[in-house]
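In what follows, a structure is listed as structure tokens, so that the remarks can point back to it.
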Amino acid sequence: MNISEVSWNDQAREKILSDADKALQEAVREAASTQGDGDRDQVYKFLFEKLQPQFVDFKPGPDLGKYADAIVNGEISGE
């Protein structure tokens with residue numbers, strides 16, 4: 001077996017992605033509840049600081065900015 005063939009099975013891969021989505025949803029929900037009156041940079045920082053410790057080698061992509069903008073614009077509620 002070649003090392004490039006070592007990977008998570010489909011069930012484990014789905015669970016990992018589902019857990020990651022739940023972590024993102026919870027961080028966005030909390031940010032919307034507590035940071036809604038902040039500016040984009042504050043909300044982005046909050047999201048980054050919430051998510052970074054939960055993931056190995058965390059590198060935020062455009063998603064955090066997208067959700068920070070949505071929170072500041074009142075498009076996501078904290079409910």
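Here is a check on your reading of the model: is Glu49 surrounded by 11 or more Cβ atoms within 10 Å (Cβ to Cβ) and in a helix (DSSP H, G or I)?
No: the conditions fail for Glu49.
Determine whether Asp63 is of a type outside the set (Phe, Trp, Tyr), in contact (Cβ under 8 Å) with a residue 24 or more places away in the chain and assigned to a helix (DSSP H, G or I).
It is true that Asp63 is of a type outside the set (Phe, Trp, Tyr), in contact (Cβ under 8 Å) with a residue 24 or more places away in the chain and assigned to a helix (DSSP H, G or I).
Limited to the range 34-46, what total is found for residues that are open to solvent by less than 50 Å² (accessible area, probe 1.4 Å) and not aromatic (Phe, Trp, Tyr)?
4
Name the single residue that is surrounded by the fewest Cβ atoms within 10 Å (Cβ to Cβ) among those in the range 52-67 being under 13 Å from Ala23 (Cβ atoms) and of a type outside the set (A, V, I, L, M, F, W, C).
The qualifying residue surrounded by the fewest Cβ atoms within 10 Å (Cβ to Cβ) is Pro53.
Give the residue, chosen from Ala70, Ala31, Ala12, that is in a helix (DSSP H, G or I), among the aliphatic types (A, V, I, L, M), in contact with a Phe, Trp or Tyr (Cβ under 8 Å, 6 or more places away or on another chain) and surrounded by 10 or more Cβ atoms within 10 Å (Cβ to Cβ).
Step by step, each of Ala70, Ala31, Ala12 is checked, and only Ala31 is in a helix (DSSP H, G or I), among the aliphatic types (A, V, I, L, M), in contact with a Phe, Trp or Tyr (Cβ under 8 Å, 6 or more places away or on another chain) and surrounded by 10 or more Cβ atoms within 10 Å (Cβ to Cβ).
Considering only residues that are among the acidic types (Asp, Glu), within 13 Å of Val28 (Cα to Cα) and touching a helix residue (DSSP H, G or I) at 6+ places or on another chain (Cβ under 8 Å), which ones fall in the range 38-74?
Scanning the range 38-74 gives Asp63, Asp69.
The values are calculated or read from the model by the stated rules, or taken from the named source; none is laboratory data. The structure displayed is predicted, hence computed values, not measured ones. Here Cβ is always computed from backbone atoms with ideal geometry, including for glycine, and neighbour counts include all displayed protein chains. What goes into the accessible areas is simple: the full protein's heavy atoms, side chains included, and nothing from ligands, DNA or RNA. Shrake-Rupley method; radii C 1.70, N 1.55, O 1.52, S 1.80 Å.
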